[in-house]
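Structure record follows, encoded as structure tokens.
A short reminder: the numbers here are calculations on the coordinates, not readings from a lab. Quick caveat: nothing in here was measured; it's all calculated off a predicted structure. Positions of Cβ are generated from backbone atoms using ideal geometry, with glycine treated the same way; all protein chains shown enter the neighbour counts.
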Amino acid sequence: MGSFSIWHWLVVLVIVLLVFGTKKLTSGAKDLGSAVKEFKKGMRDEDKPNAQLGDSSRPQDSTTTSQTEHDRDPR
């Protein structure tokens, strides 16, 4: 019951190919690759200093009230 040989892994690979098919495996690999790429991009963007994207980036309309102001108003 030691480690698996190359023949064991080849049999497993053939079974996986038969069960899932090559089209699903390639699309899954592409999805995984794009997810890893987006993760790396997000990590690089996180290292850069933020440009104060708080409420100041959105235009304020004096006629609308925020949810917290609405909750505080005892009507």
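A few notes on this one:
- Applying the Karplus relation 6.51 cos²θ - 1.76 cosθ + 1.60 with θ = phi - 60° to the range 22-30 yields 3J(HN,Hα) values of 6, 5, 5, 5, 5, 5, x, 5, 5 Hz, where x marks Gly and Pro.
- Net charge of the neighbourhood of ALA29, taken over other residues with C-beta under 13 Å away and scored Lys/Arg +1, Asp/Glu -1, is +3.
- Two-site FRET efficiency, SER3 against SER34, from Cβ-Cβ distance with R₀ of 30 Å, rounded to 0.05: 0.35
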